[in-house]
1. Going through segment 31-87, which chymotrypsin sites (Phe, Trp or Tyr not before Pro) have at most 15 other Cβ atoms within 10 Å and a DSSP loop state?
2. Starting from the Kirkwood radius over alpha-carbon pairs of segment 271-332, derive D by Stokes-Einstein at 4 °C in a medium of 1.567 mPa s and give it in µm² s⁻¹.
3. Run the Debye formula on the Cα coordinates of segment 161-298, all scatterers equal and no solvent, and tell me log10 I(q)/I(0) at q = 0.11, 0.12, 0.20 1/Å.
4. Are there trypsin sites (Lys or Arg not before Pro) in segment 241-298 that DSSP puts in a loop and that have at most 12 other Cβ atoms within 10 Å, and which ones?
5. Restrict the search to segment 56-149; then list the GluC sites (Glu not before Pro) that DSSP places in a loop and that have at most 11 other Cβ atoms within 10 Å of their Cβ.
6. Describe numerically, in nm with one decimal, the distance between label points set 7 Å from Cα along Cα→Cβ at S235 and at R118.
7. With θ taken as phi - 60° and the coefficients 6.51, -1.76 and 1.60, list the Karplus ³J(HN,Hα) couplings across segment 225-233 in order, rounded to whole Hz; mark glycine and proline as x.
8. Rounded to the nearest 0.05, what FRET efficiency do E43 and D196 have when you use their Cβ-Cβ distance and R0 = 35 Å?
Amino acid sequence: MNEEQLMAHRELAGAGVHLVRFMADFRNRFTVFKNYYERLQAEQIIMDVELELDPDCLIRLFEGLFQVEKQVSPARFADILKGAKTAWLTGESYFTKTTGYGLLADWPKKQISTLLDRLLESNLIIHDAGHDSALSLSEQAARLIVPLVVPALADEVQAILRSKARDKISRSTAVLQGKNPEVTVHIIRELVRRGDTTVVLCFKALQRRVPKKVFLQIVWACGQLGGKDAVNLLSKTILDRDSLVRVRTCQAMGQMADPSFYFALINSLDDPVAMVREQSALALGKLKMPSALKHMERIMENPAEEPQVLRAARETRAILLKEKELRENESL
């Protein structure tokens with residue numbers, strides 16, 4: 001929609017020409033500038049923290065740190081940003097080939113160190129939990145680079161899994177393992193969006209070797225993609241010690257609606273955590289197996305049951321009664 005079309009729009013009747021031009025310019029920026037939403041967020045950070053950087057430079061700095069996360073101290077990352085010719089930064093070094101190398105070559109070293117201190121104070125970059133002297137991106141900073149790094153990493157995982165290499169599972173998991181959790185979560189979402197069920201093999205191999213946030217995303221992904229490997233993985237996670245994992249597993253089982261989950265979900269109706277019982281009841285409704293009716297009625301007859309579980313049981317009972325009636329009519 002151009003400026004003339006906006007001027008003619010009924011809802012903008014009476015709006016001044018300057019406002020319309022501003023709206024047209026604002027809209028055009030989203031189509032002309034790549035990753036404009038991330039640039040807007042970067043601009044907000046720059047204003048909040050009072051940084052002397054342009055948005056693209058800040059995003060590239062975060063991308064550069066992502067490539068060397070958990071490997072460098074603030075002093076060494078400052079060397080990378082400066083493009084220093086120190087003993088550990090030889091011409092053949094991996095670090096000299098990263099996005100951050102020489103990014104702030106025109107800055108004095110002290111100014112770069114001050115910038116990193118400001119980013120640390122603002123929790124945009126953080127000290128790695130396993131190594132106090134090593135740097136990592138915060139979730140907020142990692143989200144800004146998602147459009148830049150996720151598509152290529154998802155391509156890499158798919159290419160490895162489609163290859164004939166004997167070590168393709170270990171290589172594909174290596175791409176995801178050890179990465180910033182926020183980025184890994186978005187890689188998983190992108191792989192799900194592409195609908196490639198072969199990646200479940202990779203997820204199955206990872207399981208508990210990743211942070212909880214990533215593991216929960218893997219459980220969700222199995223429900224979205226389905227398949228035999230997803231069934232096998234969810235059949236194990238329904239017994240996990242973590243109640244949130246069990247909740248997400250019930251939701252994923254409901255999404256897949258595979259009849260093989262029936263008995264696992266029935267057993268989960270007696271889980272000590274109410275949210276697990278609630279999601280188990282709802283998932284059974286999606287399986288549409290009338291034999292679960294008696295279990296819903298048992299829940300509804302329990303005066304001590306939690307209200308949300310009772311609501312889920314009533315909802316599923318209504319679904320199952322309709323399904324039972326439908327099957328009886330079809331058999332006549």
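1. Numbers: sites: F33, Y36, Y37, F62, F66, F77; in loops: F33.
Answer in residue order: F33.
2. On the way: Rh = 11.7 Å.
In µm²/s, the coefficient rounds to 110.
3. The Debye formula, applied to the Cα set alone, gives -0.40, -0.47, -1.11.
4. Working: sites: R241, R246, R248, R277, K286, K288, K294, R298; in loops: R241, K288.
Here the sparse-neighbourhood loop sites are R241.
5. Details: sites: E63, E69, E92, E121, E139; in loops: E69, E92.
Passing both the DSSP loop test and the Cβ count: E92.
6. A separation of 5.7 nm, rounded to one decimal place.
7. 8, x, x, 4, 5, 5, 4, 4, 5
8. Values: r = 35 Å, r/R0 = 1.01.
It comes to 0.50.
The values are calculated or read from the model by the stated rules, or taken from the named source; none is laboratory data. Here the structure is a predicted model, which is why all the values come from computation and not from measurement. In this analysis, Cβ positions are derived from the backbone assuming ideal geometry, glycine residues included, and neighbour counts consider all displayed protein chains. Just the protein is used for accessible areas: all its heavy atoms, side chains included, with ligands, DNA and RNA removed. Shrake-Rupley method; radii C 1.70, N 1.55, O 1.52, S 1.80 Å.
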